[in-house]
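Below is one structure, written out as structure tokens, with a few remarks after it.
The values are calculated or read from the model by the stated rules, or taken from the named source; none is laboratory data. This is a predicted model, so every value here is computed, not measured. Methodologically, a virtual Cβ is constructed for each residue, glycine included, from the backbone with ideal geometry; neighbour enumeration extends over all protein chains shown.
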Amino acid sequence: MSLQAQPLRLATTAPDFEAAFKARLHWSADQDAAIEQRVADILADVRARGDAAVLAYTRRFDGLAAESMAQLELTQADFKQAFDSLPAAQRDALRDAAQRVRSYHEAQKKACGESWSYRDADGTLLGQKVTPLDRVGIYVPGGKAAYPSSLLMNAIPAHVAGVGEIIMVVPTPARGSVATGGTGAEPATTGERNVLVLAAAHVAGVTRAFTIGGAQAVAALAYGTATVPAVDKITGPGNAYVASAKRRVFGTVGIDMIAGPSEILVLADGTTPPEWVAMDLFSQAEHDELAQSILLCPDAAYIAAVQREIDRLLPTMPRAGIIAASLSGRGALIHTRDMAEACAISNRIAPEHLEVSSREPHRWEPLLRHAGAIFLGAYTSESLGDYCAGPNHVLPTSGTARFSSPLGVYDFQKRSSLIEVSEAGAQVLGPVAAELAYGEGLQAHARAAELRLAQVPPMRNPAQP
């Protein structure tokens, strides 16, 4: 029996549209109790035993029988050797992608990541001091599921921001380990190192790297061990254990986000070749069965044409089973009254990736308020943004684009307020601060302001008017 991908067909004019639409969007982020308990145990163990616990879990889950953390640390020489071993075309692609990502984030830093200050009429200085984080940790999927593009997107904005040290953790599970679906009964001395990931670390400026993964890697970065330095923030994608661990260590360190399944929403006016749109829907559906691909279009005949292309192209795809499950379980082809209504529905969804596949994309862009990234025009495939366009591909999912932003330079910086009050300014601000402090019953606050006045008034009881 051949595979079929049958996205849900909806029309906004149908009386049951709202209920069907909400049901299709629903995704439960409920935490698996067994995973949560296991992660809690791993974090506590790593916090207590440090390197010894990390080595034990790496042996158990990744099948690597390292005797010391030194055996799990990658060096700059490893990065350079990996880069030099690549075919020239791959070296050039990595360099080109890294340069575009770097250029975009350097522009971002100039736009919003600089310190500033001003003095008012009495000489008081007010401003903001922007400083980079000292040390960050980036989690990069490794082994068979390796994403050098993810490394570039996490490390380069940190580097541009001025972060002092970038610590990478990347699992390199041995064949037959628990992480690769085996039993983990026969630990190996080395795991599957992805050359492209190591080469990307060379291009992106990673400071140190360890071949560890899972909740134990997150714990090592958050709490520090004798070998792995504690960081200030952890970014990067991972599995359910990694996501749970990041959630639990937040507060001890910062994190970027807790990501849900990947999403793409295509707004089409019917002028783009339907084959292109079908493949764009595939581009997210192939990530996993829970990924969501949605098409919004006012042309019913065009929607039917896209479905025909889905049927034609699906058998040609290596990940056809995953695509079929994703499109059938969470995909949708929605017929709208017009493009304006499509834009309004898009704002309700607040997708991770939003393609405006239209002859006039700039006509509709002003109507679009909520999306992780907006791809304008038929030639702007989402995959270009994933790899080399320049803007970051770490984006908010599951509707969080309503209040969240893509990963950027600003995620690797912090801001301190600057206040320098002149003598003249103290005479103006002091009585205001004192009055409010007395009103709040905080006498010391009030008196600290009053003592700097040229004419110091008697200290009064906070209860007095």
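I'd like to check something: does the range 275-288 contain any residue that is more than 22 Å from residue 24 (Cβ to Cβ) and outside the structural domain of residue 137 (by TED's automatic domain parsing)?
If we filter the range 275-288 for residues that are more than 22 Å from residue 24 (Cβ to Cβ), which is where we start, we get 275-276.
Narrowing the set further to residues that are outside the structural domain of residue 137 (by TED's automatic domain parsing) leaves 275-276.
Within the range 275-288, one or more residues are more than 22 Å from residue 24 (Cβ to Cβ) and outside the structural domain of residue 137 (by TED's automatic domain parsing).
Where in the range 1-70 are the helices (runs of 4 or more DSSP H), entirely inside, with at least 2 residues that are in contact (Cβ under 8 Å) with a residue 40 or more places away in the chain, closer than 30 Å to residue 193 by Cβ and over 29 Å from the mean Cα position of the chain (by Cα)? Quick ask: steps written out before the conclusion?
On the way: elements: 17-25, 33-49, 51-57.
So the answer is none; nothing clears 2.
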Practice task
Determine whether the range 41-60 contains at least one residue that is surrounded by 18 or more Cβ atoms within 10 Å (Cβ to Cβ), farther than 30 Å from residue 245 by Cα and either among the polar types (S, T, N, Q) or not assigned by TED's automatic domain parsing to the domain that holds residue 212 (or both).
Solution key: no
Exercise for the section: Considering every residue within the range 231-253, establish whether at least one is in contact with a Lys or Arg (Cβ under 8 Å, 6 or more places away or on another chain), surrounded by fewer than 18 Cβ atoms within 10 Å (Cβ to Cβ) and either under 26 Å from residue 406 (Cα atoms) or at pLDDT 95 or above (or both). Expected result: no
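Out of 379, 410, report the one residue that is surrounded by fewer than 20 Cβ atoms within 10 Å (Cβ to Cβ) and in contact (Cβ under 8 Å) with a residue 12 or more places away in the chain. Spell out the reasoning first.
Working: 379 fails: in contact (Cβ under 8 Å) with a residue 12 or more places away in the chain.
Result: 410 is the single residue among 379, 410 that is surrounded by fewer than 20 Cβ atoms within 10 Å (Cβ to Cβ) and in contact (Cβ under 8 Å) with a residue 12 or more places away in the chain.
For the range 398-415, which positions are in a loop (DSSP other than H, G, I, E, B) and in contact with a Ser or Thr (Cβ under 7 Å, 6 or more places away or on another chain)?
Of all residues in the range 398-415, those in a loop (DSSP other than H, G, I, E, B) come to 398-399, 403-408.
Selection gives 407 alone.
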Handout entry: Members of the range 258-282 that are surrounded by 20 or more Cβ atoms within 10 Å (Cβ to Cβ), under 19 Å from the mean Cα position of the chain (by Cα) and not charged (D, E, K, R)
Key = 262, 264, 265
Fill in the blank from the handout: Only one of (1) modelled with pLDDT of 95 or more; (2) more than 30 Å from residue 93 (Cβ to Cβ) does not apply to residue 398, and that is (1)
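Has the range 375-384 got any residue that is at pLDDT 95 or above, assigned to a strand (DSSP E or B) and within 26 Å of residue 285 (Cβ to Cβ)? Talk me through it step by step, then tell me what you get.
Residues of the range 375-384 that are at pLDDT 95 or above, as a first pass: 375-384.
After this cut, where a residue has to be assigned to a strand (DSSP E or B) as well, the list is 375-376.
This time we only want the ones that are within 26 Å of residue 285 (Cβ to Cβ), so: 375-376.
Yes, some residue in the range 375-384 is at pLDDT 95 or above, assigned to a strand (DSSP E or B) and within 26 Å of residue 285 (Cβ to Cβ).
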Handout entry: Residue check for residue 312: without any contact (Cβ under 8 Å) to a residue 40 or more places away in the chain, touching a Pro at 6+ places or on another chain (Cβ under 8 Å) and either of a type in the set (D, E, K, R) or surrounded by 21 or more Cβ atoms within 10 Å (Cβ to Cβ) (or both)
Key = no
